[in-house]
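Q: First the structure, which I've put down as structure tokens, then a few questions once you've had a look.
The values are calculated or read from the model by the stated rules, or taken from the named source; none is laboratory data. Since we're looking at a predicted model, the values are computed, not measured. Cβ: placed from backbone, ideal geometry, glycine included. Neighbour counts: every protein chain shown. Remember, those area values only see protein heavy atoms, side chains included, never the ligands or the DNA or RNA. Shrake-Rupley method; radii C 1.70, N 1.55, O 1.52, S 1.80 Å.
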Amino acid sequence: MSSRIAVLPGDGIGPEIIAQAVRVLEALDLGLEFTEAPVGGAAYAAQGHPLPPSTLDLARHSDAVLFGAVGDWKYDHLERSLRPEQAVLGLRKALGLFANLRPAILYPELANASSLKPEVVSGLDILIVRELTGDIYFGQPRGVRTVSDGPLAGERQGFDTMHYAESEVRRIAHVAFQAADKRSRKLCSVDKANVLETSQFWRDIVIDVAREYPQVELSHMYVDNAAMQLVREPKAFDVVVTGNLFGDILSDEAAMLTGSIGMLPSASLNASKQGLYEPSHGSAPDIAGKNVANPLATILSAAMMLRYSLNQAPAADRIEAAVQSVLARGLRTSDIYEAGTTQVSTSEMGDAVLQALE
Ligand code: IPM
Ligand code: MG
């Protein structure tokens with residue numbers, strides 16, 4: 001049976017980078033069935049909503065979603081529920097994509113791209129496991145209210161609610177322990193247990209789940225310290241597990257350690273291994289349509305899709321090896337260009353990966 005892939009290119013550079021990833025997948029001849037639908041600002045412009053029902057329906061009935069990027073300044077004036085970002089949040093919630101895997105790998109060829117000293121980052125290979133459907137991102141109630149008593153009585157107040165249910169912490173902890181078990185067997189759970197009840201609860205549950213993985217060494221770190229250690233000694237980490245809000249922040253930090261966010265893929269999985277695959281970077285509207293964006297993060301996201309949702313690990317390995325060999329040949333899009341390498345366009349990078357597959 002062929003696997004159904006929902007292709008959601010989105011805004012900005014989304015369509016250009018997705019086109020290259022689809023070419024690579026097609027070349028592998030795996031009999032995948034691609035159906036495209038609008039999402040984000042593009043969907044708002046065409047159908048009046050960033051996540052139209054037909055797009056959501058397509059995603060629900062697919063084995064995996066290949067997602068470009070959403071967002072454009074043009075849409076910043078819209079009310080929150082119509083902004084492009086709501087498409088991402090809506091897909092995560094509707095498909096139950098609770099486990100977000102964000103690898104941060106520094107390819108040896110790109111060691112100079114990082115703003116940290118090469119000796120601090122060379123060989124970096126960490127995995128952030130971010131919980132994606134809970135926490136203050138989705139907590140209710142939220143909004144603006146008038147304070148009823150105390151010294152601030154009568155004032156307007158913005159508020160959100162942070163909470164984690166036991167089952168939500170348990171399932172993300174299992175994903176993280178299993179990922180750590182396949183790597184160096186070191187897991188660091190990041191929280192703010194010195195201040196937040198939600199975090200102390202998170203920590204207690206993670207410790208309980210750890211009893212099922214005695215072979216994995218578990219440590220805990222407060223999020224402020226983790227942010228500091230990530231730039232001080234990033235290689236001390238292997239797998240990091242954390243909540244939605246802290247994971248949002250730390251995964252951007254980890255991505256930037258490599259200096260090449262244009263290289264980093266990500267996967268968001270649900271309990272039945274259906275997944276959404278997207279580059280870690282955004283829609284970069286400033287360079288949209290210029291054929292200069294780096295398609296490698298999206299191509300590597302397609303590889304993650306083959307590995308995690310479609311049970312096609314050998315094909316995933318082929319894509320990853322092709323990307324490595326293209327880098328080794330010295331081909332670079334402008335974001336990772338340095339003297340002595342060859343600058344190529346988005347589509348030329350796609351051509352090179354296709355060639356390397358053969
Ligand atoms: C991310 C993004 C999203 C998030 C935004 C676009 C809603 O920053 O995927 O990290 O905050 O999760
Ligand atoms: Mg983010």
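Q: Where only protein heavy atoms count, and the probe is 1.4 Å, what is the accessible area per residue for the range 109-260 in Å²? Spell out each step's value before the answer.
A: Numbers: 7480 Å² over 152 residues.
Per residue, the range 109-260 has an accessible area of 49 Å².
Q: Ok, one more. For the range 1-68, give the magnitude of the charge dipole about the Cα centre (Cβ charges: +1 Lys/Arg, -1 Asp/Glu; no others), in debye to the nearest 20.
A: Approximately 120 debye in magnitude.
Q: Mind checking the dipole of the chain: about its Cα centre, +1 per Lys or Arg Cβ, -1 per Asp or Glu Cβ, Debye to the nearest 20?
A: Here the chain has a charge dipole of around 340 debye.
Q: GluC sites (Glu not before Pro), restricted to the range 162-228: which are DSSP loop and have at most 13 other Cβ atoms within 10 Å? Mind dumping the intermediate values first?
A: Numbers: sites: GLU166, GLU168, GLU197, GLU212, GLU217; in loops: GLU212.
Those satisfying the criteria are GLU212.
Q: Near PHE246, within a Cβ-to-Cβ distance under 13 Å, what is the net charge of the other residues, with Lys and Arg +1 and Asp and Glu -1?
A: -3
Q: Sticking with this one: Quick check on the range 267-358: take the gyration tensor over C-alpha atoms, sort the square-rooted eigenvalues as a ≥ b ≥ c, and tell me if it's rounded (a/c under 1.5), prolate or oblate.
A: oblate
Q: Return the carbon/sulfur percentage of the accessible area of the range 109-260, one whole number, probe 1.4 Å, all protein chains in place.
A: Whole-percent figure for carbon plus sulfur exposure: 52.
Q: Take the alpha carbon atoms of the range 296-358, find their center, do the same for the range 68-110, and report the distance between the two centers in whole angstrom.
A: 22
Q: While we're here: Hey, rough spin-label estimate for ASP286 and ALA45, points 7 angstrom out along Cα→Cβ, what's it come to in nanometres?
A: 2.0
Q: Suppose the chain between LYS74 and ASP317 were pulled fully straight at 0.36 nm per residue; how much longer would it get relative to their current alpha carbon spacing?
A: Full extension of this stretch gives 83.6 nm more.
Q: Right, another one. Just to confirm the filter: which GluC sites (Glu not before Pro) across the range 18-121 are DSSP coil and have at most 10 other Cβ within 10 angstrom of their Cβ?
A: GLU79
Q: Taking the simple approach of a point 7 Å from Cα along Cα-to-Cβ for both LEU82 and GLU155, what is their distance in nm?
A: Distance between label points: 3.2 nm.
Q: With +1 on each Lys and Arg Cβ and -1 on each Asp and Glu Cβ, how big is the dipole of the range 109-260 about its Cα centre, in debye rounded to the nearest 20?
A: 140
Q: Pick from LEU51, LEU28, LEU66 the residue whose mean-square fluctuation is largest in a GNM of the chain, springs joining Cα atoms under 10 Å.
A: Largest GNM mean-square fluctuation: LEU28.
Q: Between exposed trypsin sites (Lys or Arg not before Pro) in the chain, where DSSP calls loop and at most 15 other Cβ atoms lie within 10 Å, what's the longest gap?
A: 1-141
Q: Tell me, what HN-Hα J-couplings in whole Hz come from the Karplus equation 6.51 cos²θ - 1.76 cosθ + 1.60 at θ = phi - 60° for each residue of the range 77-85, using x for Gly and Pro?
A: 3J(HN,Hα) across the range 77-85, in whole Hz: 7, 5, 5, 3, 5, 10, 6, x, 4.
Q: Looking at GLN140, MET162, VAL223, which one has the Cα that reaches farthest to the positive end of the dipole of the range 109-260 (charges on Cβ: Lys, Arg +1; Asp, Glu -1)?
A: Of the listed residues, the answer is VAL223.
Q: Okay, next question. Mind checking the full-extension length gain between ARG183 and SER219? Use 0.36 nm per residue of separation minus the Cα-Cα distance, one decimal, nm.
A: Gain on extension, ARG183 to SER219, equals 11.4 nm.
Q: In the neighborhood of ALA284, defined by Cβ-to-Cβ distances under 13 Å, what is the net charge if each Lys or Arg adds +1 and each Asp or Glu adds -1?
A: -4
Q: ³J(HN,Hα) across the range 353-358 via Karplus (A = 6.51, B = -1.76, C = 1.60, θ = phi - 60°), whole Hz, x for Gly/Pro?
A: 5, 4, 4, 5, 5, 7
Q: Next question. Checking the a/c ratio against 1.5 first, then a/b against b/c, what shape does the Cα gyration tensor give for the range 87-158?
A: oblate
Q: Shape call for the range 80-236 from the C-alpha gyration tensor, a ≥ b ≥ c root eigenvalues: rounded (a/c under 1.5), prolate (a/b greater than b/c) or oblate?
A: Values: a/c = 1.82, a/b = 1.56, b/c = 1.16.
It is prolate, given that a/c is not under 1.5 and a/b is the larger ratio.
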